[in-house]
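Data first, discussion second: the structure below is written as structure tokens.
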Amino acid sequence: MDNSNDHKSIPKWAFEKIEIKKPDPIWMDKGIQEKEELYHLLSAFGVMQVEHIGSTAIPNLPAKPIIDLMASIPSFQHINEIVKNLSLHDWHYVPPELDNQPSRRFFVKVKNDKRVAHLHLMQEGEDRWEKQLKFRNKLRTNAHLAEEYATIKNQLAQEFKNDRESYTEAKTEFINKVLFNKGV
């Protein structure tokens, strides 16, 4: 069976290579801007909190130049309206069956066929919410951990430059070490 047409419907940004860039102070400003825009777009659906997370939220940390955000919502009841609303602002919905993370709804903001931001939409009380904040905050306040994470990220980006899922999975050991104080 020839599946050569399967990739034609998949957007170009879905196959972006992992590229770690030098820290850019503008990432913090972009994070603030995206947070404010998302809060404005999602508050009608009960979103009360939007956070800038991930490496771009940590000063002086090399990162993929993609602003990661998370928003807390009471339920996924209105996900279809949220998808419509966000799609008007360059956000692309990645359905749970493709995302493989049932605890969230995932969106990718795209400009010129490149990812510029990710949104992790989670229900209130989701365990992952606190873990994301704890990890971000520990790296913000501990330069040694941030340096160690930068080294790991650069190594993994070389090893898995064409495989985002493996890259993300390979960072789990370090993330758990930071979250659960294993050797930290």
How would you rank 40-50, 162-172, highest first, on the average number of other Cβ atoms within 10 Å across their residues? 40-50, 162-172
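Antiparallel as a % of all DSSP beta bridges within the stretch 20-123, to the nearest 5?
Percent antiparallel among DSSP bridges in the stretch 20-123 is about 70.
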Over all Cα pairs of the stretch 122-184, how is the pair count split among 5 Å bins, expressed in % and running from 0 up to the last occupied bin? 4, 16, 24, 23, 18, 12, 3, 0
Fraction of alpha-carbon pairs in the stretch 56-159 farther than 15 Å apart, rounded to whole percent, equals 69 percent
Within the stretch 61-149, what whole-number % of the accessible surface is contributed by carbon and sulfur, with the 1.4 Å probe and all protein chains included in the calculation? 48 percent
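Ranked from highest to lowest mean number of other Cβ atoms within 10 Å per residue, what is the order of the peptides 51-64, 143-156?
Highest mean packing first, the order is 51-64, 143-156.
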Consider all pairwise Cα distances in the chain and report the whole-number % of them above 30 Å. 18 percent
Asp68 long-range amide H proximity, modeled H, under 5 Å: Ile53, Thr56, His118
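Quick check on the chain: of the DSSP beta bridges with both residues there, what percent are antiparallel, nearest 5%?
The antiparallel fraction comes to roughly 70 percent.
The values are calculated or read from the model by the stated rules, or taken from the named source; none is laboratory data. Just so it is clear, the structure is predicted and the values come from calculations on it, not from any experiment. Methodologically, a virtual Cβ is constructed for each residue, glycine included, from the backbone with ideal geometry; neighbour enumeration extends over all protein chains shown. We work out accessible area using only protein heavy atoms, side chains counted, and drop any ligands, DNA or RNA first. Shrake-Rupley method; radii C 1.70, N 1.55, O 1.52, S 1.80 Å.
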